[in-house]
Amino acid sequence: MPPIPAVSGFLRFLDKLVRGPIVADQIPNPESEGPAGGWGSVKSIAHMFGDARPSPAVLDTLAHQNKPGGFQCVSCAWPKPVNYHPFEFCENGAKATLSDLTSARCTPAFWDTHTVSDLRDWKDYDLEKTGRLTEPMRYDAATDRYVAVTWEEAFADIGKTLRALPRDDVVFYSSGHAGLEAAYLYALLARAYGNNNLPQSSNMCHETTSVGLNKVIGSPVGTIIWEDLEKADAFFFFGQNPGSNSPRFLHPLQEAKKRGARIVTFNPVVEQGLVSFVNPQNPMDMLTGHETQISDEYLQVRAGGDIAAILGLCKVVVEADDTALAHGIGRVIDIEFIAEHTTGFDQFIACVRETPWSNIERESGLTEQAIRRAGDIYVGAERVIGVYGMGLTQHSQGAINVGLLVNLLLLRGNIGREGAGCCPVRGHSNVQGQRTVGIAEKTKLIPMDKLKQLFDFDPPVKDGTTIVDAVKGLMAGKIKAFISLGGNLVRAVPDQKEMERAWATQDLTVMVSTKLNRSHLFPGKQAYILPCLSRAELDIQATGNQAVSVEDSFSHISGSIGKRRPASKHLKSELAIVTGIAKAVLDPNPRLKWDEWMADYSLVRELIEFTYPEDFKDYNARMFQPGGFYRGNDAHNRVWNTQEKKAVFTTPAQLNALSFKDAAGRFRLSTLRSNDQFNTTIYGYSDRFRGIEGTRDVVMMCEEDIAASGLHAGQTVALVSDFEDGVRRTMPGLTVTAHNLPRGTIAAYYPEANVLNSIDHHDELSKTPASKAIPVRIEA
Ligand SMILES: Nc1nc2c(c(=O)[nH]1)N[C@H]1C(S)=C(S)[C@@H](COP(=O)(O)OP(=O)(O)OC[C@H]3O[C@@H](n4cnc5c(=O)[nH]c(N)nc54)[C@H](O)[C@@H]3O)O[C@H]1N2
Ligand SMILES: Nc1nc2c(c(=O)[nH]1)N[C@H]1C(S)=C(S)[C@@H](COP(=O)(O)OP(=O)(O)OC[C@H]3O[C@@H](n4cnc5c(=O)[nH]c(N)nc54)[C@H](O)[C@@H]3O)O[C@H]1N2
Ligand SMILES: [Mo]
């Protein structure tokens with residue numbers, strides 16, 4: 001840990017930024033494509049201070065972020081270590097907090113000068129900048145504006161409409177923001193109402209993990225814990241970008257490098273955070289500009305080429321094992337582990353042996369030599385962690401991608417032992433936890449008997465809808481109402497243009513939100529925006545300020561207490577809003593004690609503990625222990641809850657993760673996040689790690705592809721999707737921008753590029769939209 005004076009020094013420095021004129025220019029100018037972190041990171045936070053102009057007390061909030069007794073960051077789901085850092089927040093966590101605590105307000109008066117139709121021309125960034133929503137609003141079609149309503153009117157009206165609708169026609173969507181308590185009650189509301197239509201943002205994200213990882217190791221979540229990070233000899237990264245999306249991960253990686261661990265990355269894009277890092281919270285690093293090199297080997301795999309790449313790595317392992325056998329030395333493959341714990345090994349090894357290097361090279365876009373170098377690191381490491389993100393999950397064969405990574409780990413017994421395991425990095429701060437406490441469309445995941453016992457009603461037995469099916473239902477006119485607990489679904493899903501049309505045909509749209517977003521601009525016949533508290537804010541109920549809790553990527557549950565004054569006196573907590581809707585929609589049931597639960601959230605935690613006793617033992621007592629409490633994971637202990645009761649080797653049917661073939665003029669479009677956004681929330685136009693400034697309307701291509709397509713950098717082009725389904729999807733106005741990418745792989749920003757994807761283009765097994773390789777053509 002850096003010495004404490006450094007903390008106050010850093011905070012004083014930020015303090016100057018808040019109080020004084022913004023001095024961002026006095027910060028040493030970061031090289032745009034320099035190491036992740038460093039002065040660039042501080043400068044980026046400083047800009048956010050300038051933009052959001054929060055009250056100076058926000059510094060106190062940042063100082064307590066992600067610590068016991070403080071509040072848990074609303075940004076990503078990266079875990080909080082027991083021995084926390086003096087600043088347990090990162091650039092993007094700070095931005096998320098500042099953006100929530102902005103002084104800007106989107107009050108009812110905003111609508112005096114704007115209509116909904118006008119705002120459809122606004123960028124996501126400009127909608128976000130209008131600030132925090134302050135009052136419940138109802139859409140008024142006559143004037144095409146939202147107008148203020150009372151909470152009582154809103155709840156009564158929503159209740160009336162929902163009561164009249166067929167139960168299957170209503171969807172209860174959730175983004176991963178809301179805490180465990182609100183999530184549990186939200187799921188209860190849907191089931192008491194009469195359906196399991198509880199899709200979540202993870203249906204667009206790590207559902208591939210929930211379904212695919214579960215299929216092969218019997219765990220829908222990652223198997224490692226913090227201590228494993230400290231013991232691993234090597235980390236293999238596949239399609240996860242910690243520099244932007246989970247920057248606090250860079251701290252343990254920096255530590256790992258210091259003790260000699262190796263890092264290997266497979267990613268079509270050279271992401272700065274995986275190249276080098278200057279710790280912005282370490283004064284010595286900052287003063288000396290000391291960089292930590294992150295990746296020892298960086299393999300720019302083609303988008304969708306990971307199956308081939310991992311098969312190549314497995315080939316290296318098998319060859320090394322053959323050599324060891326021939327020389328009568330210790331085996332490279334952990335054959336005892338495989339015999340005892342796995343199934344499908346022989347078939348997979350046959351596939352590895354039969355697949356020639358030439359096919360692997362062609363499909364991965366990597367050379368045999370490069371894969372061999374990476375494979376040697378894998379073989380040479382005693383304990384390996386496999387890390388992955390959207391680069392594996394968001395493909396037509398995303399679940400096979402995950403299966404292949406698990407194969408690689410299984411070969412050397414790298415799951416369920418210290419310093420080794422499988423590490424999917426989750427997105428939203430409580431996305432994993434919401435699933436844990438009942439937000440799930442799949443009935444087999446829910447202890448329905450417990451719900452019946454607790455609340456004396458018959459929970460619906462039919463599976464609910466995934467996001468893909470909900471969107472298709474919407475487009476077909478079957479879905480009549482959407483309740484959204486957070487999120488911006490219209491912007492987050494494929495076929496965005498069609499989605500905008502379909503969304504507005506609903507009888508009812510209800511959005512529980514903190515900020516204005518594009519989904520609000522396609523109101524249903526009856527439409528409400530219900531503004532809620534942010535997690536950093538005081539949540540005063542009848543028994544006092546309420547704590548909430550969240551689950552991180554390592555299955556640890558931590559309490560969170562807000563301390564800031566709410567952005568408006570009219571705001572309600574997410575839990576209170578769920579309760580308000582529930583009371584208006586459901587018939588009275590003495591077992592559904594909505595008022596009591598709202599008055600004291602610890603009672604909800606008792607319900608959660610009763611429903612999931614193994615996961616939440618002594619919940620109320622343990623939620624503030626440093627690092628959170630671990631709800632356990634069977635695969636971590638080599639207990640495999642798969643159908644076969646073993647870990648399963650996956651034999652791929654094809655070498656890429658795509659549902660389409662290569663064709664002349666067809667590119668694989670990967671949709672990327674910049675460092676200056678959180679999903680559909682755009683904080684700014686500086687993607688400094690990729691050196692793209694001032695615009696998001698770009699298509700990134702390698703110079704060879706630009707030349708071979710007869711284009712030149714700076715030219716304006718359109719992308720056109722190439723699905724052969726007869727639908728024309730276009731994205732015009734993009735500037736051709738040279739970027740270091742493999743040939744045939746191009747990139748543009750999410751969410752804008754969602755106009756190009758098809759709702760039918762998704763992971764076969766889990767229905768996660770395939771956002772990382774969309775077939776497109778370029779039109780000059
Ligand atoms: N600042 C910030 N933090 C965030 C978010 C945010 O938007 N902004 N979003 C949050 C959410 S909800 C999530 S799910 C996570 C997402 O975090 P990540 O899982 O990191 O997701 P992405 O940034 O979409 O993509 C990850 C990487 O995959 C690479 N990639 C693309 N195609 C392929 C491929 O075919 N193979 C391989 N190997 N790599 C590929 C991309 O170049 C990119 O570097 O982050 C969370 N944290
Ligand atoms: N092409 C493409 N599409 C993608 C992806 C991709 O990589 N490429 N990524 C996918 C992924 S991983 C995900 S997770 C989804 C994201 O999909 P969503 O989760 O639906 O979208 P967000 O942008 O996270 O939601 C932002 C909105 O949530 C509201 N909000 C913010 N904080 C809070 C809060 O504390 N409480 C409540 N109630 N509301 C709040 C604000 O009004 C804000 O406008 O998008 C998916 N779509
Ligand atoms: Mo996500």
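For a straight C-alpha distance cut-off of 19 angstrom, the aspartates and glutamates reachable from residue 572 (same-chain residues fewer than eight places away being disregarded) are 100, 135, 152, 153, 157, 181, 537, 539, 595, 596, 600.
Across the chain, the convex hull enclosing all Cα atoms gives 150 Å³ per residue.
What is the fewest-to-most order of 297, 693, 363 by other Cβ atoms lying within 10 Å of their Cβ?
So the residues, fewest neighbours to most, are 693, 297, 363.
Using alpha carbons only, how many angstrom separate the centre of region 710-780 from the centre of region 624-668? The two parts, judged by their Cα centres, are 26 Å apart.
Legend: P(r) of region 207-425 from all alpha carbon pair distances, 5 Å bins from 0, whole percents, reading 1, 7, 15, 20, 21, 17, 10, 5, 2, 1, 0. Contact order, relative form, for the chain: 21 percent (alpha carbon pairs under 8 Å, 6 or more residues apart, mean separation divided by residue count).
The stretch between residue 53 and residue 121, if pulled fully straight at 0.36 nm per residue, gains 21.9 nm over its current Cα-Cα span.
Need the C-alpha centroid separation for region 409-456 versus region 371-402, integer Å. So the two Cα centres are separated by 21 Å. By its C-alpha gyration tensor, with a ≥ b ≥ c as the square roots of the eigenvalues, how is region 487-531 shaped: rounded for a/c under 1.5, else prolate for a/b larger than b/c, else oblate? Here region 487-531 falls in the oblate category. For residue 258, the aspartates and glutamates whose Cα comes closer than 12 Å to its Cα, not counting residues fewer than 8 places off in the same chain, are 230, 233, 291.
Could you tell me what a quarter of the Cα convex hull surface of region 667-779 works out to, in nm² with one decimal place?
Result: a mean projected hull area of 7.2 nm².
Computed from backbone phi, the HN-Hα couplings of region 618-635 come to 6, 3, 4, 6, 9, 5, 9, 6, x, x, x, 9, 8, 8, x, 7, 5, 4 Hz, rounded to whole numbers (Karplus: 6.51 cos²θ - 1.76 cosθ + 1.60, θ = phi - 60°; Gly and Pro given as x). Which stretch or stretches of region 192-233 have amide N atoms under 17 Å from the point lying 7 Å from residue 587's Cα along the Cα→Cβ direction? The answer is 192-195.
Restricting region 422-481 to trypsin sites (Lys or Arg not before Pro) that sit in a DSSP loop and have at most 15 other Cβ atoms within 10 Å of their own Cβ leaves 442, 462, 478. Normalising the Debye intensity of region 456-578 to I(0), with uniform scatterers on Cα atoms only, and taking log10 at q = 0.13, 0.15, 0.19, 0.22 Å⁻¹ returns -0.69, -0.86, -1.08, -1.17.
Using r as the Cβ-Cβ distance of residue 325 and residue 565, and R0 as 56 Å, what FRET efficiency do you calculate, to the nearest 0.05?
So the FRET efficiency works out to roughly 0.25.
In the calculated pair-distance distribution of region 653-708, the portion above 15 angstrom amounts to 62 percent of the Cα-Cα pairs. Within the straight-line cut-off of under 18 Å between alpha carbons, the lysines reachable from residue 129 are 95, 515, sequence neighbours fewer than 8 places apart in one chain being disregarded. Residues of region 605-627 with amide nitrogen under 13 Å from the 7 Å Cα-to-Cβ point of residue 641? Taking a point 7 Å out along Cα→Cβ of residue 641, the residues of region 605-627 whose backbone N falls under 13 Å are 612-616.
Sorted from longest to shortest, the spans of the Cα atoms of region 538-611 along the three principal axes equal 37, 34, 21 Å. Taking trypsin sites (Lys or Arg not before Pro) across region 649-707, the ones in a DSSP loop with at most 13 further Cβ atoms lying within 10 angstrom of their Cβ are 661.
Restricting the calculation to Cα atoms, every distinct pair contributes to the Kirkwood radius of region 386-490, found to be 17.2 Å. DSSP bridge analysis restricted to region 207-425 gives an antiparallel fraction near 10%, rounded to the nearest 5.
Entry note, region 321-435: relative contact order of 27 percent, from Cα contacts under 8 Å with a spacing of 6+ residues. Packing, taken as the mean count of other beta carbons within 10 Å per residue, orders the peptides 300-307, 540-547, 520-527, 395-402 from highest to lowest as 395-402, 300-307, 520-527, 540-547. Cα centroids of region 89-143 and region 343-359: 53 Å apart. Residue exposure proxy: 428, 761, ordered by other Cβ atoms within 10 angstrom of their Cβ from fewest to most, comes out as 761, 428. Exposure proxy ranking for 734, 756, based on other Cβ atoms within 10 angstrom of each Cβ and starting from the fewest, stands as 734, 756.
Quick note: the coordinates plus some simple rules give every number you see, no bench work behind them. Please read all numbers here as calculations on a predicted model, not as lab measurements. Reconstructed Cβ throughout: ideal geometry from the backbone, glycine too, with neighbour counts over all protein chains shown.
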